[in-house]
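Colleague: Please see the structure below; I have some questions.
Read-outs: derived from the displayed coordinates by stated rules, not from any lab. None of the values given here were measured: they were computed from a predicted structure. Here the Cβ positions follow ideal geometry from the backbone for every residue, glycine too, while neighbour counts run over all protein chains shown.
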Amino acid sequence: MQEITTEVLQQDHYLLFIHTPFCGTCALARTMLDKIESVHQESIFYHMNASFYPDFMQDNQIESVPCLLIKTDNEVQEKVYAFHSIANIYSYLMKYKPELFVGN
């Protein structure tokens, strides 16, 4: 998982995992995302420590952490707050990052 940068925040699309360091639920959610990246052997998600980006949090109306913010076509499409399971996260990946599932 790559750390978010100002340049990436200006891109048209990304999958951003927003967390705080001492959040237990965030740690569990991150484990799920790390497993997904491990299976695909590539970085899929960016991560952001919410504590360092208060303006971003307010501008995007992030209600709580953990949050998976999905931006495509230069618009926030979804903010996922419930990381029920890896399968649940895959449902979002199939919708917003279908290229992960194209056979080689």
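Colleague: Which of the residues spanning the stretch 61-80 are over 14 Å from the mean Cα position of the chain (by Cα) and not in a strand (DSSP E or B)? Walk me through how you get there before you give the answer.
Modeller: Start the filter on the stretch 61-80 by keeping residues that are over 14 Å from the mean Cα position of the chain (by Cα), which leaves 61, 63, 73-75.
Those that are over 14 Å from the mean Cα position of the chain (by Cα) and not in a strand (DSSP E or B): GLN61, GLU63, ASP73, ASN74.
Colleague: Kindly indicate whether any position in the stretch 27-39 is hydroxyl-bearing (Ser, Thr, Tyr), more than 14 Å from SER64 (Cα to Cα) and buried (at least 18 other Cβ atoms within 10 Å of the Cβ).
Modeller: Here is the first cut: in the stretch 27-39, the ones hydroxyl-bearing (Ser, Thr, Tyr) are 31, 38.
Of the ones still in play, those that are also more than 14 Å from SER64 (Cα to Cα) are 31, 38.
From what is left, the residues that are buried (at least 18 other Cβ atoms within 10 Å of the Cβ) are none.
No: the stretch 27-39 contains no residue that is hydroxyl-bearing (Ser, Thr, Tyr), more than 14 Å from SER64 (Cα to Cα) and buried (at least 18 other Cβ atoms within 10 Å of the Cβ).
Colleague: Further question: Would the stretch 34-49 turn up any residue that is out of contact with any Pro (no Cβ under 6 Å at 6 or more places or on another chain) and touching a residue at least 60 places away in the same chain (Cβ under 8 Å)? Give the steps one after another, and end with the answer.
Modeller: Looking only at the stretch 34-49, we keep the residues that are out of contact with any Pro (no Cβ under 6 Å at 6 or more places or on another chain), and these are 34-49.
Filter once more, so that each one left must be touching a residue at least 60 places away in the same chain (Cβ under 8 Å): 40.
Yes, there is a match, as at least one residue in the stretch 34-49 is out of contact with any Pro (no Cβ under 6 Å at 6 or more places or on another chain) and touching a residue at least 60 places away in the same chain (Cβ under 8 Å).
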